[in-house]
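The structure under discussion appears below in the form of structure tokens.
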Amino acid sequence: MDLQAVIDDIALSLAERRGEGKVADYIPELAKVDPNQFGIALTTVDGQVFTAGDATTPFSIQSVSKVFMLTLALGKAGEGIWKRVGREPSGSAFNSIVQLEQEHGIPRNPFINAGAIVVCDMVLAGHKPKEAIGEVLRFVRYLADDETISIDRAVAKSETQTGFRNHALANFMRSFGNLHHEVDHVLGVYFHQCAIAMTCRQLSRAGLFLAAHGHDPISGYSVVSPKRARRINALMLTCGHYDGSGDFAFHVGLPGKSGVGGGILAIAPGKASIAVWSPGLNKVGNSALGSVALEMLAARTGWSVFGT
Ligand code: DON
């Protein structure tokens, strides 16, 4: 299969639709991003890289970072993390608070904001916030094999100043005893993790271990066990697109994680790691064109985990 031709075609056929969707503006710094951008990058398990469009422009990965943070937390705290966060789709918005009261401060899954905040609390154990932020950044650089990846301080600051909902979620969970550190420290880690800036090319490289049974086929390192990689993929498939997870599985059929910066990381197990980016979001907060691009890619390659 000529994967370069496939993604060139996708980029070309979406050229006229650039700008579709609505850029996230609840984080003021993200509202400044030019909506007319689209990039796609694909790294295969045999180490080939294919790119099209704005694949080397850095963007705010936002919630896509939750995959890397979960991987880090599982490495530190092991399966014990599931006592403090669930593994079920929430069927509600990424920043919803409604289930938390009935479920005693235990978030439904590690990808909704509440769940990711608990995961940050776990990674913070034994560290100062700055050290935990450094650890996340080092981990992402290691996965992407790229020391140039950085955190966009302006985005982190913008969210620190306006993240009232995340403050509410964190305080609420703290009242149930499900946060062990100071709310400001946990949120400091969370906002900086979300503000990591990466290109599609870097993101597709960083996700490669999930397409290759937990092993990085380029560096030769084992990142996680095959069982853990399979389970992270399962969570991405069921929970990675929030209230749009069912629709994403229906149309694309790949484990995926979206972010409000307009990025999506999708995994074709045994085949490739794919990153797409287009800032305009659909109604449930996932990249509008990114989702369409992945649907086209899955159709053309037959990579859906549900079969061709
Ligand atoms: O906490 C927030 O609201 C953002 N930093 C991240 C949310 C996000 O990316 C949801 N994804 N679609």
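Rank 200, 105, 251 by how far each Cα sits towards the positive end of the charge dipole of the chain (+1 on Lys, Arg Cβ; -1 on Asp, Glu Cβ) and give me just the farthest.
105
Take the alpha-carbon centre of region 136-173, take the same for region 58-118, and report the distance between them in whole Å.
Using only Cα atoms to place each centre, the spacing works out to 15 Å.
For region 165-249, restrict the atom set to alpha-carbon positions and state the Rg and Dmax in Å.
Cα radius of gyration and Dmax of region 165-249 are 16.4, 45 Å respectively.
What does the accessible area of residue 1 come to, in Å² to the nearest 10, when a probe of 1.4 Å is used?
140
Rounded to the nearest Å, what's the spacing between the alpha carbon centres of region 218-264 and region 2-16? Just the number, please.
For region 218-264 versus region 2-16, the Cα centre distance is 23 Å.
With the dipole of the chain worked out from charges on the C-beta (+1 for Lys and Arg, -1 for Asp and Glu) around the Cα centre, which of 210, 73, 116 lies farthest toward the positive end?
The Cα lying farthest towards the positive end belongs to 73.
Could you run the Debye sum over the Cα atoms of the chain, one equal point scatterer each and no solvent, and tell me log10 of I(q)/I(0) at q = 0.13 Å⁻¹, two decimals?
-0.83
³J(HN,Hα) across region 22-37 via Karplus (A = 6.51, B = -1.76, C = 1.60, θ = phi - 60°), whole Hz, x for Gly/Pro?
Each residue's phi maps through the Karplus curve to give 10, 5, 4, 10, 6, 10, x, 5, 6, 5, 7, 6, 5, x, 7, 10 Hz.
Check every DSSP H run in the chain and write down those whose alpha carbon atoms cover 15 angstrom or more along the long axis and whose mean Kyte-Doolittle hydropathy is 0.0 or greater.
Flagged H segments are 3-14, 65-77, 113-124, 129-144, 183-194, 288-301.
Say each of residue 130 and residue 56 gets a label point 7 Å from the Cα, pointing the same way as Cα to Cβ; how far apart are those two points in nm?
Calculated label separation equals 3.4 nm.
From the P(r) of region 1-66, could you give the percentage of C-alpha pairs in the tail past 14 Å?
Everything past 14 Å amounts to 66 percent.
From Cα pairs below 8 angstrom and at least 6 apart in sequence, can you work out the relative contact order of the chain, rounded to a whole percent?
Relative contact order comes out at 27 percent.
Return the inverse of the average 1/r over all pairs of distinct C-alpha atoms in region 146-188, which is the Kirkwood hydrodynamic radius, in Å to one decimal.
11.7
Quick check on region 97-153: what does the Kirkwood estimate of hydrodynamic radius come out to from the alpha carbon pairs, in Å?
Answer for region 97-153: a Kirkwood hydrodynamic radius of 13.1 Å.
Hey, any idea what % of region 66-130's accessible area is carbon plus sulfur with a 1.4 Å probe?
Here carbon and sulfur together make up 55 percent of the probe-accessible area.
Want the number for residue 34 to residue 97: 0.36 nm per residue separation, take away the alpha-carbon distance, what's left?
Answer, rounded to one decimal: 19.6 nm.
Using DSSP to call loops (not H, G, I, E or B), can you name the chymotrypsin sites (Phe, Trp or Tyr not before Pro) in region 171-214 whose Cβ has at most 16 other Cβ atoms within 10 angstrom?
Passing sites in region 171-214 are 176.
For the chain, what is the accessible area per residue in Å² when the probe is 1.4 Å?
Spelled out: the 1.4 Å probe surface of the chain, per residue, equals 40 Å².
Go through 90-98, 210-218 and give me the packing order, highest mean Cβ count within 10 Å leading.
Order by mean packing, descending: 210-218, 90-98.
Per 10 Å bin from zero, what fraction in whole % of the C-alpha pairs of region 214-292 is there, up to the bin with the longest pair?
20, 49, 25, 6, 0
Answer with one residue from 154, 47, 235: the one whose Cα lies farthest towards the positive end of the charge dipole of the chain, charges on Cβ with Lys, Arg +1 and Asp, Glu -1.
Checked the options; the winner is 235.
What full-extension length gain, to one decimal in nm, is calculated for residue 4 and residue 250 as 0.36 nm per residue of separation minus the Cα-Cα distance?
86.1 nm
List the relative contact order of region 1-113 as a percent without decimals, with contacts defined as Cα pairs under 8 Å and 6+ residues apart.
Normalised by residue count, the contact order of region 1-113 is 18 percent.
Taking the Cα centre of the chain as origin, work out the dipole magnitude from +1 charges on Lys and Arg Cβ and -1 charges on Asp and Glu Cβ, in debye rounded to 20.
With Lys and Arg at +1 and Asp and Glu at -1, about 640 debye.
For region 149-308, treating each Cα as an identical point scatterer without solvent, what Debye log10 I(q)/I(0) comes out at q = 0.10, 0.21 1/Å?
The computed values of log10 I(q)/I(0) come out as -0.42, -1.34.
In angstroms, what radius of gyration and Dmax does region 93-191 have, counting Cα atoms only?
Every Cα atom of region 93-191 included, Rg and Dmax give 13.8, 43 Å.
With an 8 Å Cα cut-off and a minimum separation of 6 or more residues, compute the relative contact order for region 218-268 in percent.
27
What is the projected area of the convex hull of the Cα atoms of region 37-173, averaged over all directions, in nm²?
Taking a quarter of the hull surface, the average projection is 10.0 nm².
Exceeding 23 Å between C-alpha atoms, which entries from my cross-link table qualify? They are 83/271; 66/283; 32/157; 83/283; 227/271; 128/257.
The answer is 83/271; 83/283; 128/257.
Could you tell me the largest-minus-smallest coordinate of the C-alpha atoms of region 71-121 on each of the three principal axes, in descending order and whole angstroms?
The Cα atoms of region 71-121 stretch 29, 18, 18 Å along their principal axes.
Could you tell me what percent of the accessible area of region 261-301 is made up of carbon and sulfur, with a 1.4 Å probe and every protein chain present?
About 56 percent, which is the carbon plus sulfur part of the accessible surface.
Roughly to the nearest percent, how much of the accessible area of region 193-251 is carbon and sulfur, given a 1.4 Å probe?
54
The values are calculated or read from the model by the stated rules, or taken from the named source; none is laboratory data. Since we're looking at a predicted model, the values are computed, not measured. Backbone-built Cβ (ideal geometry, glycine too); neighbour counts: all protein chains shown. The protein model used for the area step is the full one, side chains on, heavy atoms only, and it has no ligands, DNA or RNA in it. Shrake-Rupley method; radii C 1.70, N 1.55, O 1.52, S 1.80 Å.
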